[in-house]
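Enquirer: Here's a structure for you.
The values are calculated or read from the model by the stated rules, or taken from the named source; none is laboratory data. Worth saying up front: this structure is predicted, and the values here are computed from it rather than measured. Here the Cβ positions follow ideal geometry from the backbone for every residue, glycine too, while neighbour counts run over all protein chains shown. Ligands, DNA and RNA are excluded from the accessible area calculation, which covers all protein heavy atoms including side chains. Shrake-Rupley method; radii C 1.70, N 1.55, O 1.52, S 1.80 Å.
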Amino acid sequence: MAYRQAKYDELLIFEMGCIEKQAACFSQECLDPTMIDKFIPKEIRKKDDINIPGLTEVEIARHYTRLSQMNWGVDSGFYPLGSCTMKYNPKFSEKMASLEGFALTHPMQPVDMVQGNLELIYELEKILSVIGGIEAVTLQPAAGAHGEFTGLLIARAFHEAKGEERDEVILPDTAHGTNPASGAMAGLKVIEIPSEGDGCVNIEALEAALSNRTCAFMLTNPNTLGIFERRVREIAEKVHAHGALLYYDGANLNAVMGKTTPGKMGFDIVHFNLHKTFGTPHGGGGPGAGPIGVTKELEKFLPVPRVLKLVKDDGSIKFDLHHKLPYTIGKIHGQLGNFLVLVKAYVYTLLVGGDGLEKVSEAAVMNSNYLKMKLEHLFPLPYPGLRKHEFVLNGSILKKKGASTLDAAKWLLDEGIHAPTIYFPQIFHEAIMIEPTETETIEEMNRFVEVMKAIAEADAEELRKCPQNTTRKRLDETFAAKNMIFTYRALRDWRERNAD
Ligand SMILES: *Cc1c(COP(=O)(O)O)cnc(C)c1O
């Protein structure tokens, strides 16, 4: 397949149109200079020039269609971004979330008017507790990282309630970057321990780090190398023996659903990434959901409000919200979380079913091992053996011929394949982390293998020239990271500052 990404000289929406145009007009006739006064009356405007885009509906439709053609997503093609579980998002879930009864509810509606929504939240909490093998779940956190933060606040509250001062969190050097960040945000000192020769937790190093200052040990299982930590029960025992809690980074539950649960492994707190395992869109930084589950003993610390199911004397059922719980860590999100994302995840679990979730994990693990076996003779596999849902290859052979893993990633873009996660985990150089997910076809995986073969055989100069077929060529990533410009206003300010 010859791949060419669309390329338009597209203006920013703020630089297009004029304020007098209204979106619902389909011809030039609706141009009306007093329009703005009609929809935003003068009395409530702080200034005359409010600088919002003014476009007709057809202009808006074309603008966003063109942008989407210069973009990449799971609906465009293969997206083997390790640790991110970029799997297909079923359109049925989208359709259900757009039903009026869900889509048009206002978060402040009284409980009597939103009984169905509350029931859905209650049910999804129960489904996730079963999958996690854990007692109680809150759906409020808006992302995996937010779930980690919430979980660590709960761990802190648990120790404080016992009168213990514990200000350290321990994590392995393979931990996802959000783990140390969440630890720091929760006010904890972060202690990193090295991995064993097989890529798993070094138990001696863990023991040396554990003390009566340890609030929690955070672990991902399977870890970010895609390796299952077989000694997890022993780890749990050691952590608990020191009075600390064991936190499960369950962003990638794709590998173990229906086979085991974090609860069985001995974890006390777990987060779920609905936008990974449960097929809801990642949303490009938009609304997400990272629910957390906890054991019975931690339930009382969960954020409020909690959804309650009340059975009345006549047998009828009513759902209510409980706002005042003496030990709660408080609120961590407006209302009950990103509701429509929760609807999609709920629909996904029902669509796939309990046995289906187990099959999802089997297929995710099989696809991952299929690709691993096809690729490990091209790029060495650092730790031998089978993998779970993902695996990490070593791209050093590219370095030897004068190119790099980054160049290989750019080559893949030219072939209409999203790049894998690269340079992570950082326990060796030139890491290439691949996660095909269960929704990819064998034909597409075979095509990926062919492209990886071509990369292994390509000469350095060819590799360094990529990408050629994409909307943008090589970006100045350092500049982008140092100049975070996310709004039109920030862009205007930046342009003014750099005018001369
Ligand atoms: C994605 C991921 C996270 C963070 O989740 P976000 O929703 O991106 O904040 C944490 N840990 C692991 C292992 C992940 O893959």
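Enquirer: Return the residue satisfying two criteria in turn: it lies in region 204-233 and is under 11 Å from Ile193 (Cβ atoms) and over 24 Å from the mean Cα position of the chain (by Cα), and of such residues it is most open to solvent (accessible area, probe 1.4 Å).
Expert: If we take residues in region 204-233 being under 11 Å from Ile193 (Cβ atoms) and over 24 Å from the mean Cα position of the chain (by Cα), then Glu204 is most open to solvent (accessible area, probe 1.4 Å).
Enquirer: Hey, another quick one. For region 281-311, what are the residues that are open to solvent by less than 40 Å² (accessible area, probe 1.4 Å) and away from the ligand (no atom under 16 Å from the Cβ)?
Expert: Val294, Thr295, Leu298, Phe301, Leu302, Pro303, Val304, Pro305, Arg306, Val307
Enquirer: Moving to a separate point now. Only one of (1) in a helix (DSSP H, G or I); (2) surrounded by fewer than 22 Cβ atoms within 10 Å (Cβ to Cβ); (3) within 16 Å of the ligand (Cβ to nearest atom) is not met by Val190, so which one is it?
Expert: That leaves (1) as the condition not met.
Enquirer: Quick check on region 371-387. Is at least one of its residues at pLDDT 95 or above, of a type in the set (A, V, I, L, M, F, W, C) and touching a His at 6+ places or on another chain (Cβ under 9 Å)?
Expert: No, because not a single residue in region 371-387 is at pLDDT 95 or above, of a type in the set (A, V, I, L, M, F, W, C) and touching a His at 6+ places or on another chain (Cβ under 9 Å).
Enquirer: Look at region 425-479 and say how many of its residues are open to solvent by less than 40 Å² (accessible area, probe 1.4 Å), under 17 Å from Cys84 (Cβ atoms) and assigned to a loop (DSSP other than H, G, I, E, B).
Expert: 5
Enquirer: Turning to a different aspect of this structure: Out of the residues in region 159-173 that are free of Cβ contacts under 8 Å to residues at least 60 places away in the same chain and either charged (D, E, K, R) or not assigned by TED's automatic domain parsing to the domain that holds Gly183 (or both), state the one that is farthest from Ala186 (Cα to Cα).
Expert: Lys162
Enquirer: Sort out which residues of region 119-172 are within 16 Å of the ligand (Cβ to nearest atom) and among the acidic types (Asp, Glu), and write them in order of number.
Expert: Residue satisfying the conditions is Glu148 alone.
Enquirer: Another question, if that's okay. For Ala181, only one of the following conditions fails: (1) assigned to a strand (DSSP E or B); (2) open to solvent by 10 Å² or more (accessible area, probe 1.4 Å); (3) within 14 Å of the ligand (Cβ to nearest atom). What is its number?
Expert: Answer for Ala181: the failing condition is (1).
Enquirer: Here is a follow-up. Hey, among Asn367, Asn394, which residue is touching a His at 6+ places or on another chain (Cβ under 9 Å) and farther than 29 Å from Glu192 by Cα?
Expert: Asn367
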